[in-house]
Amino acid sequence: MLRSLAVTLLLASPALAQEASPPPPPPAAPKAPPKLIVAVAVDQLSADVFAEYRQHFTGGLARLANGVVFPSGYQSHAATETCPGHSTILTGSRPARTGIIANDWIDLKTPRKDKTIYCAEDERVPGSNSSNYTVSPLHLKVPTLGERMRAANPAVRVAAIAGKDRAAVMMSGHKADQVWWWGGKGFVSYAGRTAPEAITRGNAAVDKRLAEAQRPMELPDFCKSRDLAIPIGGGRSVGTGRFERDAGDVRRFRASPEFDMAVVGIAADLRAELKLGEGSATDLLIVGASASDYIGHTYGTEGTEMCLQMVNLDRTLGYLLDILDKTGIDYQVVLTADHGGHDLPERHNMHAIPDAARVEAGMGAKAMGQKVAAKLGMGDAQILWGGNFGDIYVDPALPAKQRQAVTREAIALYRAHPQVAGVFTRAEILATPSPSGPPETWSLIQRARASYFPERSGDFVVALKPRITPISDPTNGSVATHGSFWDYDRRVPILFWRKGLTGFEQPMSVETVDILPTLASVIGLPIPAGEIDGRCLDLDAGPGTTCPAR
């Protein structure tokens, strides 16, 4: 059942219409640069989930797990969300340098009514707002690997396909040849882009798939221990799902293994159509697999839903690698994630983790601002903006003394709350040097510093305590999330694989910003000193090294 589910969608793409087969024996260690780099980002693949299912992988994740493995990779910053995380993977830079501090931030000086800015929008477009926007890489302040490769050699081609616009945009940057993402009814791109045949065929395959109802997936034996219903209120429960859905149910399609199958199928077809890896230069194929994140938010990370997702993602990536093998192209793979994830507190409580809880209602910036305004006799005007943690903004239109009083009272109110671990002011954060050393040893303010970009970040930053889920009511939307300062959201796997590369495992911590300089070293691309935050990782366990002398 699991195999047929994957094949049904993947075989809709001509490039994937071939039977999977074991990879050939590895040749001698490669000397020349690879002809193709395949960069895969799995949205919300925590190091914990990877370790939990690693023993059960038999496909693509199994192959990658036998390559060069860094099980403790870090999205080292505090803003462990999709947009900041993806901005680090192929730039070598933390959010404090990329400028991507969150999925959204507040700009109280923008002339438009909507003061929320989406990370991958161009708010200069007339009529745009943060929920109905024009997708753009405008806010990304640094070049990506693909941009650097193309600047060094115009023959380089870069293509990206992802389940989210912000994943495709933040990894491809400003000058990619092809950038495609799920637009709600199919895969779309920037205005004026002509769809390659791979996109047209892929969208037709998705339409056909969506028109068919899907029966429950077969549950492997090792998933059965996760088959436990977790009540979340409102008559709902999670933990026992098997991805059945009605015909036309796009929401359930997106939060299922089918979604990654579509992305990966189109990626393989796009590579074939563009002949990536077949030219004179090293090309770059970027794949953003987003289903794990939608599944984690909808069902949590420890039920049958995530178990089935890991099984299918492993097989889906296996088909991709098998097809690449058959091309004869020398390709280098890197796989990582934009952030980890935290399971829902109701399941943690059932597993005797009593400190897991949902954030108290009334912790949002607007509600906290109302309390401050009442204390200071300011009426009912909104004076704070933001969420219930992370960047909090104080109304810049307030007179200076009043603004100082609001900031002081708001910080005191947050610091006194039993669910808050720390509050850091703009001045405190900017006075903190950019962190270095093992990321697991960084203080909370150092983690905040790695995310802080003065032009966009808040007047102060709030960190919730560990295992406090910033969702008060799970009955009408997401049941679990990420975004915290803590290692369950920061730790992700980083895997490198290439034929002939000797596999080994490095248990010490590294960062996702180390990926760009490592790949740059593999292809002989110089990176000027001081332009990035990452460092090159040695991928050769033998007497030689990948990295230049330091």
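Measuring spread by the Cα atoms of region 145-205 yields a radius of gyration and Dmax of 12.0, 37 Å.
From least to most packed, judged by other beta carbons within 10 angstrom and beginning with the fewest, 80, 481 follow the order 481, 80. Over the C-alpha trace of region 301-349, radius of gyration and Dmax come out as 15.7, 51 angstrom. Angle of helix 400-415 to the longest C-alpha principal axis of the chain, folded into 0 to 90 degrees and rounded to 10: 70°.
Between the helical axis of 304-327 and the longest alpha-carbon principal axis of the chain there is an angle of about 40 degrees. Projected onto planes of every orientation and averaged, the convex hull of the alpha-carbon atoms in region 337-455 covers 9.6 nm². With the helix formula -39500 (n - 2.57) applied to DSSP H stretches of n ≥ 4, the chain reaches a computed 222 nm mean residue ellipticity of -9000 deg cm²/dmol. Candidate cross-link partners of residue 401 among the lysines, defined by an alpha-carbon separation under 29 Å and a same-chain spacing of 8 or more, comprise 109, 113, 115, 366, 371, 375.
Binning the alpha carbon pair distances of the chain at 20 angstrom intervals from zero yields the distribution 22, 56, 21, 1, expressed in whole percent. Express the Stokes-Einstein translational diffusion coefficient of region 391-441 in µm² s⁻¹, to the nearest whole number, given a Kirkwood radius over alpha-carbon pairs, 37 °C and a viscosity of 0.692 mPa s. D, rounded to a whole number, is 251 µm²/s.
Using the Kirkwood radius over Cα pairs, work out the Stokes-Einstein diffusion coefficient for region 383-541 at 4 °C and 1.567 mPa s, in µm²/s as a whole number.
Numbers: Rh = 18.6 Å.
It diffuses with D of about 70 µm²/s by this estimate.
Comparing Cα centroids, region 322-368 and region 466-488 end up 10 angstrom apart. Remark: the residue 504-residue 475 segment gains 6.0 nm on full extension, using 0.36 nm per residue and subtracting the alpha carbon distance.
Across region 355-513, the relative contact order, built from alpha-carbon pairs under 8 Å that are at least six residues apart, equals 25 percent. The ranking of 398, 537 by Cβ neighbour count inside 10 Å, starting from the fewest, reads 398, 537.
By count of other Cβ within 10 Å, fewest leading, how are 139, 482 ordered? If you can, show how the numbers build up before the last one.
Numbers: 139 23, 482 27.
Ordered by Cβ neighbours within 10 Å, fewest first: 139, 482.
To the nearest ten degrees, helix 197-210 and the longest principal axis of the Cα atoms of the chain are 70 degrees apart.
Note on region 203-351: Cα convex hull, mean projected area over all directions, 10.5 nm². Bridgeable lysines around residue 35 (alpha carbons under 29 Å apart, same-chain partners fewer than 8 residues away excluded): 141, 164, 175, 275, 326, 499. At full extension, residue 400 and residue 249 could sit 49.2 nm farther apart than now, given 0.36 nm per residue minus the alpha carbon distance.
Note the full-extension length gain between residue 122 and residue 185 as 0.36 nm times their separation in residues minus their Cα-Cα distance, in nm to one decimal. Intermediate results must be reported in sequence, preceding the final value.
Working: separation 63, 0.36 × 63 = 22.68 nm, distance 2.17 nm.
That pair, residue 122 and residue 185, stretches by 20.5 nm at full extension.
With each label modelled as a point 7 angstrom along the Cα→C-beta vector, the residue 141-residue 535 pair spans 2.4 nm.
Bear in mind that the values in this text are calculations on the coordinates, not laboratory data. These figures come from a predicted structure and were not determined experimentally. Positions of Cβ are backbone-derived with ideal geometry, glycine not excepted, and every protein chain shown enters the neighbour counts.
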